[in-house]
Structure formats: C-alpha cells, structure tokens
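Just dropping this structure here.
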Amino acid sequence: MFELAIMGMWLGLVVIGYFCGRAAEAKHYRSIHSREKAWLHLPSTSLKTLLDPARPVERSELVYGNVVVSIDYFKQAVAGLRSFIGGAVKSHETLIDRARREAVLRLKESCPGAHEIVNLRLEAMSISGKTPGSVTSVEVLAYGTAIYFAK
C-alpha cells in the first residue's frame, strides 16, 4: 500500500512536471523568438573572414555569452526510461536548442554597436551531479570576435 502511494506521488510529480515544463519552455521560446527578431541586424558567422572585407575595421574584441538551462522533471523521467530501454534521448534536443540560441543571444547583447560577429564558436557542457536524483543541466558558452567598422 505504501509503495502504491509513493508511485502515485511520483506519477503526480511527473504529470505536474510535464505541464509546468511545457509552459516554461514555451515562454522561453517566445522570448527567444522576439529577441532573435530584434538582433537580426547583427549577423554572426563561424567563418574566420569578414562578411564585408572591403570595409575598414576600427576595432575588434572578444565577446561571449553563456547560459545554463536545467531539465524539467518530466524530461528527466523520460530520459531515465530511455536510458533503461536504450536509444536516442530526444527529450534533450529542445533543451540543447534553447541553450544554444540563448547563449548566442546573450553574446549579441554583450556587444551593442558591433557590425558583425565572426569566428563564432559554441561549447556545450553537460552538468549533472554524481548523486542519484540530482538535476541535469546543460551549459552552453558562445564566443566570437565582434567587429566594429570605421564610420
């Protein structure tokens, strides 16, 4: 009887985690979409060359942005089941997508007045505790060179 109550509480937390996690993820994606539209004027590329090499460069600087995004309980439960059964963990794809896009947005926000960002690189690190039941997170660091053209 006690085990049934524990199982019911676990299922309840998973269901609550599903709805709350979806709402938080949808809110974050709305924020990302609106901020990406606002920063469309600042191109970023992984190329090492300038997009417009004919323009004289006034200065350049290293810029970066990083973010840590945590997984919700539902996705953690699904990932646990997937690791038990085997196969790709698709529930983590949106987590990594949001982290990458947010890190690039934070990078762009750190260099107002820049004309372009070249040599953009992304580094992703998984953060998980060694103890059972610890929360899994992913950290993404975006860095590149901000180019400021002469006027």
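The values are calculated or read from the model by the stated rules, or taken from the named source; none is laboratory data. Worth saying up front: this structure is predicted, and the values here are computed from it rather than measured. So basically every Cβ, Gly included, is an ideal-geometry build from the backbone, and we count neighbours across all protein chains shown. When the accessible area is computed, the model is the full protein with side chains, heavy atoms only, and any ligands, DNA or RNA have been set aside. Shrake-Rupley method; radii C 1.70, N 1.55, O 1.52, S 1.80 Å.
On a 1.4 Å probe surface of the protein chains, which of S31, S137, S46 comes out largest in accessible area, and what is the full order? Please report the intermediate quantities before stating the final value.
Numbers: S31 40, S137 20, S46 70 Å².
Largest accessible area first, the residues go S46, S31, S137.
Continuing with this model, one more query. Roughly how tilted is helix 73-85, in degrees to the nearest 10 and between 0 and 90, from the longest Cα axis of the chain?
Value to nearest ten degrees: 70.
Here is a follow-up. Could you compute the net charge surrounding A150? Neighbours are other residues with a C-beta less than 14 Å from the C-beta of A150; K and R count +1, D and E count -1. Intermediate values should be presented prior to the final figure.
Details: positive: R55, R59, K151; negative: D52, E58, E116.
Surrounding charge for A150 is 0.
Using a 1.4 Å probe over the heavy atoms of the protein chains, calculate the carbon and sulfur portion of the accessible area of the stretch 46-151 as a whole percent. Show your work: numbers first, answer last.
Numbers: 3590 of 6350 Å².
Here it works out to 57 percent.
Next up: How do 76-86, 4-14 rank on mean C-beta neighbours within 10 Å, highest first? Display every interim value, and only then the final one.
Numbers: 76-86: 13.0, 4-14: 10.9.
Highest-to-lowest ranking by the protection proxy: 76-86, 4-14.
While we're looking at this one, here's another question. Any chance you could look up the accessible area of R121 with a 1.4 Å probe, heavy atoms only, rounded to 10 Å²?
Number for this one is 80 Å².
Go ahead and estimate [θ] at 222 nm for the chain from helices alone: -39,500 (n - 2.57) per DSSP H run with n ≥ 4, summed, over the residue count, rounded to 500. Write down the numbers at each step before the final one.
Details: 3 runs with 67 residues, N = 151.
After summing the helix terms and dividing by the residues of the chain, the value is -15500 deg cm²/dmol.
On to the next question. For the chain, what is the charge dipole size about the Cα centre, in debye to the nearest 20, if Lys and Arg each add +1 at the Cβ and Asp and Glu each add -1 at the Cβ? Walk me through the intermediate numbers first.
On the way: 19 positive and 14 negative charges, 46 e Å.
Result for the chain is approximately 220 debye, rounded to the nearest 20.
So for the chain, taking the charge dipole from beta-carbon charges (+1 Lys/Arg, -1 Asp/Glu), which of G87, L50, A24 sits furthest toward the positive end?
L50
Now for a separate question. Along the charge dipole of the chain, pointing to its positive end and built from +1/-1 on Cβ of Lys, Arg, Asp and Glu, which listed residue (V69, V140, L105) has its Cα farthest out?
L105
For helix 93-109, report the angle its Cα long axis makes with the longest principal axis of the Cα atoms of the chain; keep it between 0 and 90° and round to the nearest 10°.
30 degrees
If contacts are Cα pairs under 8 angstrom and at least 6 residues apart, what is the relative contact order of the chain in percent? It would help to have the intermediate numbers written out before the result.
Details: 224 pairs, mean separation 50.7, N = 151.
Normalised by residue count, the contact order of the chain is 34 percent.
Using the Cβ atoms and a cut-off under 15 Å, what net charge is assigned to the surroundings of V14, where Lys and Arg are +1 and Asp and Glu are -1? Please list the in-between numbers first.
Working: positive: R22, K75, R82; negative: D72.
Every neighbour counted, the sum reads +2.
Given charges of +1 on the Cβ of Lys and Arg and -1 on the Cβ of Asp and Glu, with all other atoms neutral, how large is the dipole of the stretch 64-112 about its Cα centre, in debye to the nearest 20?
Working: 8 positive and 5 negative charges, 16 e Å.
Dipole about the Cα centre, nearest 20: 80 debye.
Whole-Hz ³J(HN,Hα) for each residue in the stretch 2-9, computed from phi via Karplus 6.51 cos²θ - 1.76 cosθ + 1.60 with θ = phi - 60°, x for glycine and proline: what do you get?
For the stretch 2-9, the Karplus curve yields 5, 5, 5, 5, 5, 5, x, 5 Hz.
For each pair in K27/K48; K48/K90; K27/K108, compute the distance between the two Cα atoms and list the pairs where it is over 29 Å.
Details: K27/K48 34 Å; K48/K90 32 Å; K27/K108 20 Å.
Result: K27/K48; K48/K90 exceed 29 Å.
Magnitude of the Cβ-charge dipole of the stretch 64-151, K/R +1 and D/E -1, about the Cα centre, nearest 20 debye?
Working: 11 positive and 8 negative charges, 14 e Å.
The dipole magnitude comes to about 60 debye.
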